[in-house]
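Asks: Here it is, the structure in full.
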There are 4 protein chains.
Amino acid sequence: VDRNRLEGFSDGVIAVAITLLALNLIVPGPGHGPLLSQLADRWPSFVAYLLSFFTIGIIWVNHHALMKTIVAVTRTLLFLNLVLLLFVVLIPFATAVMAEYMGTSGNDAHISMALYAAVLLGMGLAFGALFELALRRGRGRIGSPAQLRRARYQFLVGSVAYAIAFIIAFISPPASLAILGAVAVYYIFERTAALGESTAEGADQ
Amino acid sequence: VDRNRLEGFSDGVIAVAITLLALNLIVPGPGHGPLLSQLADRWPSFVAYLLSFFTIGIIWVNHHALMKTIVAVTRTLLFLNLVLLLFVVLIPFATAVMAEYMGTSGNDAHISMALYAAVLLGMGLAFGALFELALRRGRGRIGSPAQLRRARYQFLVGSVAYAIAFIIAFISPPASLAILGAVAVYYIFERTAALGESTAEGADQ
Amino acid sequence: VDRNRLEGFSDGVIAVAITLLALNLIVPGPGHGPLLSQLADRWPSFVAYLLSFFTIGIIWVNHHALMKTIVAVTRTLLFLNLVLLLFVVLIPFATAVMAEYMGTSGNDAHISMALYAAVLLGMGLAFGALFELALRRGRGRIGSPAQLRRARYQFLVGSVAYAIAFIIAFISPPASLAILGAVAVYYIFERTAALGESTAEGADQ
Amino acid sequence: VDRNRLEGFSDGVIAVAITLLALNLIVPGPGHGPLLSQLADRWPSFVAYLLSFFTIGIIWVNHHALMKTIVAVTRTLLFLNLVLLLFVVLIPFATAVMAEYMGTSGNDAHISMALYAAVLLGMGLAFGALFELALRRGRGRIGSPAQLRRARYQFLVGSVAYAIAFIIAFISPPASLAILGAVAVYYIFERTAALGESTAEGADQ
């Protein structure tokens, strides 16, 4: 019951955050040139929308997998989950800033991409902490030591990649963006083995 | 349990998206002429609101029918569902653009209507893919071959009509709008036979 | 199960709509005079927020009572429920318009109040239709003929009062507002007898 | 079942309100100086976001603990819960006003902080009333008299601190802010003993 309400609240916040991403999509409207070029000028918004939509979508999928391993909803868990949601809710803001400066040159393009990567890194670290907390109690639900290693590895990959993207942002924003896109693609195709294999994942094979 | 959380998340996103439609309804306010003419000038917003509200409402009803046939929540299903939601979340944006250019003449009226139809087409195709995926596993839940044919036909009708509306948009935006309205009316009155007959639908007869 | 998802979706839409009401609360900010007088100037927004918040809150409570009498989720029910939600989602818009023109004089004050009452009337009529639909099947769950009469009477009261408020709006907006406020107070204190008595209500006595 | 829907609706409103906090985070965008100084200039928005995010998060945690003690969902409970949500929904607005005036000097800094504290005080009082209502019926679920005293004490602490912060706001806004921050930290670390001990809390020890 407790876990259900935690999932319900988290799902609510994630659902609102993913939908608010679309508020960043605006065109100036009639009297500001041909619509097609207005849309074309806003291409960074659409790229950023795509990336953030799938990133938040993956957060939801992984959150869903992680929650299945939770045995007891402790206050520490609730608090760490709030920290995770704090970063999720920042994603639409960071997406908007990043989209506005993407395609510009100069220092601000670096800063905006670093801000975006930093928000994702904060999210990834909160996720990792939640995972470790779940491990302390729910080890039995996660599976063999090999599966556990693989699951931890997969959580780590994200945070390490976000950290690298943060640093690369100061050198080349497009390269940073490419890394963040690659993480999204990685999580979509790679299965979070130990967590999902015995349940949802197995059904695909 | 898994299916419940998938439904809950999808319902959350759809509920937020359908409510955000109303953010497109604004009047300039005092000092911009009589309120009645401000409202009258914004008639395209109200028409677009009506159409998109029922379109998203129907998506919810059909999603709800489709989910009942799902046997196992696989990662492919989660991903296809995200793609569906990606297009649902774009509907308020596409509605706003379409409303702004509806009633104008020239190329932008065509483009804006085509954009709207394209978003609905993307949504329809994602829905079709989800349906086919559900079929691969949940065939038993859907019913006789005749019911299956009818259900597939009904899903196809939407996508084909959206594709036609997309093309017609470049010739006549009002005709395109009429097609999209007809699809909404079709889905409201026609029952998605094979999916619903044995459950919700039966109760009406 | 079906009813649960219908309730979940409706709750989601109502929850988003009630929260979006607060987006109408804005002050111009630093450089636009003392904050206290900015807040005081916006008093209609706060009055309108209060009224609409409790109105939507009551819709939720009554929706919740009505759903308990539903035996089968039919397509007609889903459609009528969508119509109800269509009007609920319009409430933040109508509230914003009404608040902007409240306190002004002239024709637009009448129009804006009439618009607000019209949206509530539409909502009340959709509610009445849902109630009658529930009756056709769920009569057994509602109780004795006397309770039924009382429940129908209480649903009618709202719609009739909204219709009167709509007409009065063209004569005196403040009187119209007072009627709408009285309806909210009525529903808060009066119990929707037949629907609630045997369940939640009984527990208060 | 009733309690579930009450929780679901409350969670929905709280989830939307906590996510809307992020709408207050905006930077002016390209052409308004270096991005880093735009972000630095908006530091009050980020501080206010952090404080309000955890405050709403704690409201959710405590609401969740309180609901577990509810035996019967009465109309009085529904109404008090609406009053609580009314204040929760005002938090994003009060946060925005407070952030805009934080860091300014003069009377408006006092007023905006007092407004923020007043909204939290209203929320705290509604919470206290809900708690006392739950006590009248659910005493058995709450535990020993000592636990009950402790739970009541912990609910009171919040409201008293909010009242003090409201008064202090007229003397020193930063001191008021510090008190509000301390309340958030207190609730995060202190466990709401009587309510949670036997369930979620126990698992941490």
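Asks: Take peptide D:67-74, look around each residue's Cβ out to 10 angstrom, count Cβ atoms belonging to other protein chains, and average those counts.
Replies: 3
Asks: Per-residue mean of other chain beta-carbon atoms within 10 angstrom of the beta-carbon, peptide C:82-94?
Replies: 5
Asks: In degrees between 0 and 90, to the nearest 10, how far off the longest principal axis of chain A does helix A:75-101 point, with axes built from Cα atoms?
Replies: 20
Asks: What 222 nm value per residue comes from the helices of chain A, counting each DSSP H run with n ≥ 4 as -39,500 (n - 2.57) and dividing by all residues, nearest 500 deg cm²/dmol?
Replies: One gets -27000 deg cm²/dmol as the mean residue ellipticity at 222 nm.
Asks: I would also like to ask the following. Identify which of C:ASN81, C:ASN24, C:ASN107 has the largest mean-square fluctuation in a Gaussian network model of chain C, with springs joining Cα atoms closer than 10 Å.
Replies: Evaluated over chain C, the most mobile residue of the options is C:ASN107.
Asks: Let me ask something additional. Nearest 100 Å² is fine: what is the total accessible surface buried where chains D and C meet, probe 1.4 Å?
Replies: 3400
Asks: Now a separate question. Taking the full set of protein chains and a 1.4 angstrom probe, give the accessible area of A:TRP43 in square angstrom, rounded to the nearest 10.
Replies: 130
Asks: For chain A, set up a Gaussian network in which alpha carbons nearer than 10 Å are linked by springs, and say which option among A:ALA40, A:ALA22, A:ALA182 fluctuates the most.
Replies: So, out of A:ALA40, A:ALA22, A:ALA182, the one fluctuating most is A:ALA40.
Asks: Put a point 7 Å out from Cα along the line to Cβ at B:LEU148; what are the distances to that point in the other copies, in nm, shortest first?
Replies: Ordered by increasing distance: 4.5, 4.5, 6.3 nm.
Asks: Same structure again: Averaging the inverse of every distinct alpha carbon separation and then flipping it gives the Kirkwood radius. What is it for segment C:20-128, in angstrom units?
Replies: 15.6
Asks: Still on this structure: Which angle between 0 and 90 degrees, to the nearest 10, do you get for helix C:2-20 versus the longest principal axis of chain C when only C-alpha atoms count?
Replies: Its long axis makes an angle of about 10 degrees.
Asks: Now, a different point. Which lysines have a Cα less than 26 Å from the Cα of C:LYS68, not counting those fewer than 8 places away in the same chain?
Replies: Filter leaves B:LYS68, D:LYS68.
Asks: Sticking with this one: Running a GNM on chain B with Cα contacts under 10 Å, which residue among B:ARG152, B:ARG42, B:ARG136 ends up with the highest mean-square fluctuation?
Replies: The residue that fluctuates most here is B:ARG136.
Asks: With unit charges on the beta carbon (Lys/Arg positive, Asp/Glu negative), name the residue among A:ALA129, A:VAL88, A:VAL119 whose Cα is farthest towards the positive pole of the charge dipole of chain A.
Replies: Toward the positive end, the furthest listed residue is A:ALA129.
Asks: Roughly how many debye, to the nearest 20, is the charge dipole of segment B:1-119 about its Cα centre, given +1 on each Lys and Arg Cβ, -1 on each Asp and Glu Cβ, and no other charges? Spell out each step's value before the answer.
Replies: Details: 5 positive and 6 negative charges, 69 e Å.
Roughly 340 debye, rounded to the nearest 20.
Asks: What does the copy distance list look like for D:ARG3, label position 7 Å along Cα→Cβ, in nm and ordered from shortest?
Replies: 1.9, 2.0, 2.8
Asks: Taking a label point 7 Å out from Cα toward Cβ, give me the nm distances from C:SER172 to the same spot in the other copies, shortest first, one decimal.
Replies: Output for C:SER172: 5.3, 5.3, 7.4 nm, nearest copy listed first.
Asks: Counting only C-alpha contacts under 8 Å and six or more residues apart, can you give the relative contact order of chain A as a whole percent? Walk me through the intermediate numbers first.
Replies: Numbers: 211 pairs, mean separation 47.2, N = 205.
Relative contact order, chain A: 23 percent.
Asks: Let me ask you something else. Mind checking the angle between helix B:43-67 and chain B's longest principal axis? C-alpha axes, 0 to 90 degrees, to the nearest 10.
Replies: Taking the Cα atoms of chain B, the angle to B:43-67 is about 10 degrees.
Asks: Per the 1.4 Å probe, what fraction of the accessible area of segment C:1-118, in percent, lies on carbon and sulfur atoms?
Replies: After summing per-atom areas, the C and S share lands at 67 percent.
Asks: Just the number: Rg to Rh for the protein assembly as shown, Cα atoms, Kirkwood Rh, two decimals.
Replies: Using Cα coordinates only, the ratio equals 0.94.
Asks: To the nearest whole number, what is the average tally of beta carbon atoms from other chains within 10 Å of the beta carbons of peptide B:34-43?
Replies: Partner Cβ neighbours, averaged per residue: 3.
Asks: Quick check: the distance between the Cα centres of segment C:30-105 and segment A:27-66, to the nearest angstrom?
Replies: Taking the Cα centre of segment A:27-66 as reference, the centre of segment C:30-105 is 30 Å away.
Asks: In nm, to one decimal, how far is the modelled label at D:LEU23 from the one at D:SER37, with both set 7 Å along Cα→Cβ?
Replies: Output for this residue pair reads 3.1 nm.
The values are calculated or read from the model by the stated rules, or taken from the named source; none is laboratory data. Values in this document were obtained by computation on a predicted structure and should not be read as measured data. Cβ coordinates were reconstructed from backbone atoms using ideal geometry, including for glycine residues, and neighbour counts include every protein chain displayed. Ligands, DNA and RNA are stripped out before the accessible areas are found, and what is left, the full protein with its side chains, is counted by its heavy atoms. Shrake-Rupley method; radii C 1.70, N 1.55, O 1.52, S 1.80 Å.
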